[in-house]
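Structure, as structure tokens:
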Amino acid sequence: MAAAALCAPFLEGLARGELRYQACLACGAPQTLARYACRACGGTRLEWRTANGRGTVYATTVVARAPSEEFRALAPYTIAIVELDEGPRLMGHAPASVAIGDRVLAEYFAFAGRNLVRFRAEGAPPTA
Amino acid sequence: MRPAYILGAGNTSFGRHAGRDSLDLMAVAAERALTDADLPRTGIDGVLCGYATTAPHLMLSTLFCERAALAPAYAHSVQLGGATGGAMLMLARELVRAGRCNNVLVVAGENRLTGQGRNGAIQTLAQVGDADYEVPYGASVPAYYALLASRYMFETGLSEADLAEFAVLMRANARRHPDAHLKDPISRADVLASKPIAAPLKLLDCCPISDGAMALVVSARRSAAAPVAIVGAGQAHRHQHLTAIADTSNYGAREAARRAFDESGLRPADIDYLAIYDSFTITLAILLEELGFAPRGGSAARVRNGDFAPGGRLPLNTHGGLLSFGHSGVAGGMGHAVEAFRQLAGRAGDRQVASRARAFVHADGGVLSSHVSLIFAREA
């Protein structure tokens with residue numbers, strides 16, 4: 001199911017509390033998600049870089065109807081898509097008050113055996 | 001290449017069909033389509049079928065053929081999410097145009113509601129998200145579309161009250177169809193007050209999960225009574241996952257439509273009936289606007305103006321769409337095309353709108369990921 005080998009560096013980064021993203025060695029373009037080639041130029045020599053964890057909220061939703069039992073305990077929860085300062089977009093949880101355009105910073109929480117991203121407002125105290 | 005016509009259509013009602021499995025439902029719709037097309041089983045030399053989440057068989061098409069006593073010269077199933085029906089019709093047309101087949105049965109059905117229950121269906125569907133970047137955050141299909149909606153509404157000024165217009169229109173249309181799943185009348189206030197699912201989407205912004213089946217026969221034969229040809233088709237696939245969407249003014253719908261229009265030699269202004277995928281109210285708003293049937297941010301104004309009503313300039317989903325006719329997976333996405341065919345052929349019964357000659361059909365799969373556009377034209 002999971003593209004384990006392809007995005008292993010991303011998952012290893014998450015486990016250590018780092019946000020990693022792919023960038024093309026030929027044209028330098030950063031990209032969202034894990035791919036076999038560069039979306040901008042088609043180059044196949046890609047490297048993983050570490051983002052500074054800061055970004056701008058691109059989209060948000062508050063999920064009331066959770067898709068599985070484990071998430072029903074958390075509902076309602078807020079999901080945001082954040083455009084990282086380096087360019088790629090990334091999904092994470094966020095505080096209910098978050099709005100499109102807000103500046104946010106990544107932190108991490110453990111859930112169902114994984115380390116996941118939770119964004120908080122820049123300047124707000126860490127939740128954990 | 002020779003032309004390809006739609007010769008007949010069939011469907012089950014949508015809603016609950018407890019005790020019937022996907023093949024049972026497909027068989028009923030297929031039988032009705034054959035009767036409607038006035039074709040014997042032996043006349044079918046091609047079979048295309050969709051997939052069913054409740055019947056994940058390796059060879060659903062030939063399993064269906066065995067049960068339905070069909071022995072085609074060409075068969076397989078197709079998987080493209082909500083765009084599967086459109087993709088099957090496009091392929092059926094190509095098979096006929098190329099001379100590979102004379103009569104292609106396109107069929108899909110699923111007991112998506114009673115075969116696994118709502119919770120099971122919601123959990124299955126959520127897996128269309130990226131397994132490592134999206135699914136672990138508890139995102140559901142409504143949540144993916146809600147995220148899309150939040151951004152689109154931020155950019156265009158479209159409001160929740162605007163989206164409610166589409167839910168009300170689809171319900172009013174479904175009330176005129178004897179086979180629709182949801183027929184209780186609803187108002188804009190009901191939509192706005194319905195329970196939250198994934199903000200800004202509420203229960204009545206979302207299509208129901210239904211049992212049901214649809215079938216069409218695509219043929220080289222021209223029906224003397226009301227010949228409806230498929231005169232253009234196009235696809236576009238720009239992303240799979242929500243996170244990877246690059247541009248909210250270009251999801252791929254316009255690109256697919258341009259290919260279909262170019263092939264048909266028609267222009268959007270020639271279209272007089274719309275059959276547009278509507279998994280959520282936001283889906284319908286975005287597609288109508290990207291396809292150019294309403295200005296960006298202006299689709300609800302056209303609903304309020306009555307333009308998309310059965311008596312308006314561009315009747316839209318007169319069967320009630322996924323939002324109210326119902327969504328049983330691939331068959332749900334075929335419902336729009338079935339209704340477009342019936343309206344053009346003058347076979348829509350009590351729902352028949354004033355004479356229509358050219359329908360534009362559009363479906364999307366995933367999260368506005370896969371796009372298929374078709375153009376149907378009635379010949380004089």
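Which translational diffusion coefficient, to the nearest whole µm²/s, is obtained for chain A from the Stokes-Einstein equation, given a Kirkwood hydrodynamic radius over C-alpha pairs, 4 °C and 1.567 mPa s?
Working: Rh = 15.5 Å.
Taking Rh from Cα pairs, D becomes 84 µm²/s.
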Mind checking the mean number of beta-carbon atoms from other chains within 10 Å of the Cβ atoms in B:122-132?
-> 4
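Suppose every K and R has +1 on its Cβ and every D and E has -1 on its Cβ; what is the size of the dipole of the stretch B:206-292 about the Cα centre, in Debye to the nearest 20? All intermediate terms of the calculation are to be shown ahead of the outcome.
Values: 7 positive and 10 negative charges, 66 e Å.
Using Cβ point charges on Lys, Arg, Asp and Glu, the stretch B:206-292 gives about 320 debye.
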Cα convex hull of the stretch B:230-359, projected area averaged across orientations, nm² = 8.1
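Would you work out the charge dipole size for the protein assembly as shown about its Cα centre, treating the Cβ of every Lys and Arg as +1 and the Cβ of every Asp and Glu as -1, and quote it to the nearest 20 debye? Write down the numbers at each step before the final one.
Working: 50 positive and 46 negative charges, 133 e Å.
Using Cβ point charges on Lys, Arg, Asp and Glu, the protein assembly as shown gives about 640 debye.
Shielding of A:66-73 by partners, i.e. mean partner chain Cβ atoms within 10 Å per residue?
Working: counts 9, 17, 7, 2, 1, 7, 2, 0.
Mean partner shielding for this stretch: 6.
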Quick one: angle between helix A:4-15 and the longest Cα principal axis of chain A, in degrees between 0 and 90, rounded to 10, please.
-> 50
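Sort B:268-281, B:53-66 for me by packing, meaning the mean count of neighbouring Cβ atoms within 10 Å per residue, highest on top. Each step should come with its number before you reach the end.
Working: B:268-281: 22.6, B:53-66: 16.9.
Taking the mean over residues of other Cβ atoms within 10 Å, the ranking is B:268-281, B:53-66.
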Taking only Cα atoms and a 10 Å spring cutoff, compute GNM fluctuations for chain B and point out the largest among B:95, B:344, B:125.
-> B:125
Hull volume in cubic angstrom per residue (convex hull over the Cα atoms of the protein assembly as shown) | 145
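Answer rounded, prolate or oblate for the stretch B:195-263, using the Cα gyration tensor with square roots of eigenvalues a ≥ b ≥ c: rounded when a/c is under 1.5, else prolate when a/b is larger than b/c, else oblate.
Working: a/c = 3.17, a/b = 1.43, b/c = 2.21.
Taking the square roots of the gyration eigenvalues as a ≥ b ≥ c, the stretch B:195-263 is oblate.
Let me know the charge dipole size of the stretch B:39-166 about its Cα centre in debye, to the nearest 20, where only the beta-carbon of Lys, Arg (+1) and Asp, Glu (-1) is charged. The partial results should precede the final answer.
Working: 8 positive and 11 negative charges, 133 e Å.
That gives a dipole near 640 debye.
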Among B:224, B:30, B:309, residue whose mean-square fluctuation peaks in a GNM of chain B (springs only between Cα atoms under 10 Å) = B:224
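Just the Kirkwood number for chain B, please: inverse of mean 1/r across all distinct Cα pairs, in Å, one decimal.
Details: mean 1/r = 0.0495 Å⁻¹.
The Cα-based Kirkwood calculation yields 20.2 Å.
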With the charge dipole of the stretch B:119-192 built from beta-carbon charges (+1 for Lys and Arg, -1 for Asp and Glu) about the Cα centre, the Cα from B:144, B:159, B:123 projecting farthest to the positive end belongs to B:159
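With a 10 Å radius around each residue's Cβ, average the other Cβ atoms per peptide and rank B:149-161, A:114-126, B:200-212, highest first. Mind dumping the intermediate values first?
Values: B:149-161: 18.4, A:114-126: 15.2, B:200-212: 25.3.
Ranked by mean Cβ neighbours within 10 Å, highest first: B:200-212, B:149-161, A:114-126.
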Looking only at A:30, A:95, A:76, which one moves most when chain A is put into a Gaussian network model with springs between Cα atoms under 10 Å?
-> A:76
Sorted by chain and then number, the residues having a modelled amide H within less than 5 Å of the amide H of residue A:19, at least 5 places away or on another chain, are A:51
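The numbers here are math on the coordinates, done by the rules we state, and not lab data. This is a predicted model, so every value here is computed, not measured. So basically every Cβ, Gly included, is an ideal-geometry build from the backbone, and we count neighbours across all protein chains shown.
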